[in-house]
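A.B. asks: My questions will all concern the structure given below.
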């Protein structure tokens, strides 16, 4: 070997491996270091495994029983990409374009502040919205227009609504009585023709049916929120309360969900004592005024689709001028259910008037007037002169 180069010693591999193993086993510090390696690895792996398993279990838990149609297993279904479900045919016995006639009331709804013409009449826009919210349109029945025009308009509608107000005599009373008589005649002739009578409408219909103009009593129920107390053993099938969910029906008796705004009414005792009234109407609910004096608050005719309310179902959702109008979610549901029932009854009317005549008389031909600053509780009114 040339001078200056050191020779690399030869290594016996088997001996060195043996020595390293024996050295490791003989050294305590080396032993503890080696044993800690798998423990650290397990700590690093354990937490991610737990997270993974928790996600798997959470995904496996059902969050809802509601499934989209594409998520349901149906042996009869075909590929949703190539087959579109057909809509069922509409019921030919129902009218899906109902129109409701609303009788106007004398004045402008604001004690002459908006229009002081002697021949002015109005319909609060809340009644119009009430009807429209359930899927119908409105034709105004102007109380002081010629009788032949009013009767012609009655041939264009599928139901009638009498509003609140103050007029209990004169031309308004006579017009309302004439329309009420026509409603009964239509039903007697086989046409399903519903009527809603609200507040003043309730009072006037009570006077007409009882044939007693002095049958009403005074109550203290102006601008008051109240409950509705159902009569014992009342059957709600077939009347305005039939679609109310059970929890809302219960709340009607415990929470102040309806709005009263009247100074006249009739007690259950006086109502039942009048043979004409008790044979025509059945009492559904009563309410109490500020002095705990009880009055009849909802009635349903025995043989006609006629419902009368001493309270105001339209105000909860559509009026803001009076302080005691309930505006809770439950109160809004009351408005919607009452409106829905009325229009479901109007859809049963098979009256199909000419479209052009309907369009010519719809309330869309008029514009509402804002009276929230000048009125006495109404936000908007339609004024007719």
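A.B. asks: Please go through (1) surrounded by fewer than 23 Cβ atoms within 10 Å (Cβ to Cβ); (2) at pLDDT 95 or above for residue 351 and return the number of the only condition it doesn't satisfy.
C.D. replies: Tallying (1) surrounded by fewer than 23 Cβ atoms within 10 Å (Cβ to Cβ); (2) at pLDDT 95 or above, residue 351 fails exactly one: (2).
A.B. asks: Could you say which residue among 165, 201, 238, 253 is out of contact with any helix residue (DSSP H, G or I) (no Cβ under 6 Å at 6 or more places or on another chain) and on the phi > 0 side of the Ramachandran plot?
C.D. replies: Working: 165 fails: out of contact with any helix residue (DSSP H, G or I) (no Cβ under 6 Å at 6 or more places or on another chain); 201 fails: on the phi > 0 side of the Ramachandran plot; 253 fails: on the phi > 0 side of the Ramachandran plot.
Only one candidate qualifies: 238.
A.B. asks: Picking from 323, 349, 297, 328, which residue would you name as being in contact (Cβ under 8 Å) with a residue 24 or more places away in the chain, farther than 23 Å from residue 110 by Cβ and over 21 Å from the mean Cα position of the chain (by Cα)? Quick ask: steps written out before the conclusion?
C.D. replies: Values: 323 fails: farther than 23 Å from residue 110 by Cβ; 297 fails: over 21 Å from the mean Cα position of the chain (by Cα); 328 fails: over 21 Å from the mean Cα position of the chain (by Cα).
It is 349.
A.B. asks: Report, by residue number, each residue of region 367-385 that is outside any loop (DSSP other than H, G, I, E, B) and touching a helix residue (DSSP H, G or I) at 6+ places or on another chain (Cβ under 7 Å).
C.D. replies: From region 367-385, those outside any loop (DSSP other than H, G, I, E, B) are 369-370, 380-384; that's our starting set.
If the condition is that a residue be outside any loop (DSSP other than H, G, I, E, B) and touching a helix residue (DSSP H, G or I) at 6+ places or on another chain (Cβ under 7 Å), then 380, 381, 382 are the ones that fit.
A.B. asks: Can you confirm whether residue 168 is modelled with pLDDT of 95 or more, out of contact with any strand residue (DSSP E or B) (no Cβ under 6 Å at 6 or more places or on another chain) and over 23 Å from residue 124 (Cα atoms)?
C.D. replies: Details: modelled with pLDDT of 95 or more: yes; out of contact with any strand residue (DSSP E or B) (no Cβ under 6 Å at 6 or more places or on another chain): yes; over 23 Å from residue 124 (Cα atoms): no.
Considered against the rule, which asks whether it is modelled with pLDDT of 95 or more, out of contact with any strand residue (DSSP E or B) (no Cβ under 6 Å at 6 or more places or on another chain) and over 23 Å from residue 124 (Cα atoms), residue 168 comes out as no.
Rundown of residues vs (1) surrounded by 14 or more Cβ atoms within 10 Å (Cβ to Cβ); (2) farther than 19 Å from residue 313 by Cα; (3) touching a strand residue (DSSP E or B) at 6+ places or on another chain (Cβ under 7 Å), yes/no style:
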position: 176; (1), (2), (3): yes, yes, yes
position: 222; (1), (2), (3): no, no, yes
position: 240; (1), (2), (3): yes, no, yes
position: 261; (1), (2), (3): yes, no, yes
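Condition check ((1) surrounded by fewer than 18 Cβ atoms within 10 Å (Cβ to Cβ); (2) more than 29 Å from residue 377 (Cα to Cα); (3) touching a helix residue (DSSP H, G or I) at 6+ places or on another chain (Cβ under 6 Å)) across all residues:
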site	(1), (2), (3)
145	yes, no, no
169	yes, no, no
192	no, yes, no
205	no, no, no
210	no, yes, yes
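A.B. asks: Something else: Of the numbered conditions (1) touching a residue at least 24 places away in the same chain (Cβ under 8 Å); (2) crowded, with 18+ Cβ neighbours inside 10 Å, residue 276 fails exactly one; give the number of that condition.
C.D. replies: Going through (1) touching a residue at least 24 places away in the same chain (Cβ under 8 Å); (2) crowded, with 18+ Cβ neighbours inside 10 Å one by one, residue 276 breaks only (2).
A.B. asks: Shifting gears a bit: Residues 308, 301: which one is within 26 Å of residue 191 (Cα to Cα) and crowded, with 22+ Cβ neighbours inside 10 Å?
C.D. replies: On the way: 301 fails: crowded, with 22+ Cβ neighbours inside 10 Å.
Answer to the check: 308.
A.B. asks: Would you call residue 358 under 24 Å from the mean Cα position of the chain (by Cα) and at pLDDT 95 or above?
C.D. replies: On the way: under 24 Å from the mean Cα position of the chain (by Cα): no; at pLDDT 95 or above: yes.
Considered against the rule, which asks whether it is under 24 Å from the mean Cα position of the chain (by Cα) and at pLDDT 95 or above, residue 358 comes out as no.
A.B. asks: Of everything in region 349-366, what is under 12 Å from residue 157 (Cβ atoms), out of contact with any helix residue (DSSP H, G or I) (no Cβ under 9 Å at 6 or more places or on another chain) and in a loop (DSSP other than H, G, I, E, B)? Give them in sequence order.
C.D. replies: Let us first name the residues in region 349-366 that are under 12 Å from residue 157 (Cβ atoms), namely 349, 351-353, 357-358, 361-363.
Those left that are additionally out of contact with any helix residue (DSSP H, G or I) (no Cβ under 9 Å at 6 or more places or on another chain): 352-353, 358, 362.
Within region 349-366, 352, 353, 362 qualify.
A.B. asks: Ok, one more. Just to be sure before I move on: is residue 102 outside any loop (DSSP other than H, G, I, E, B), on the phi < 0 side of the Ramachandran plot, out of contact with any helix residue (DSSP H, G or I) (no Cβ under 7 Å at 6 or more places or on another chain) and modelled with pLDDT of 95 or more in the structure I sent? Walk me through how you get there before you give the answer.
C.D. replies: Working: outside any loop (DSSP other than H, G, I, E, B): yes; on the phi < 0 side of the Ramachandran plot: yes; out of contact with any helix residue (DSSP H, G or I) (no Cβ under 7 Å at 6 or more places or on another chain): no; modelled with pLDDT of 95 or more: yes.
Judged against the criteria, residue 102 is not a match.
A.B. asks: In region 328-348, how many residues are assigned to a loop (DSSP other than H, G, I, E, B) and exposed (fewer than 15 other Cβ atoms within 10 Å of the Cβ)?
C.D. replies: In the first step, residues of region 328-348 are kept if they are assigned to a loop (DSSP other than H, G, I, E, B); the result is 328, 347-348.
Keeping just the survivors that are exposed (fewer than 15 other Cβ atoms within 10 Å of the Cβ) gives 328.
Final tally of qualifying residues: 1.
The values are calculated or read from the model by the stated rules, or taken from the named source; none is laboratory data. Worth saying up front: this structure is predicted, and the values here are computed from it rather than measured. Counting neighbours? That spans all protein chains shown, and the Cβs are built from the backbone with ideal geometry, glycine included.
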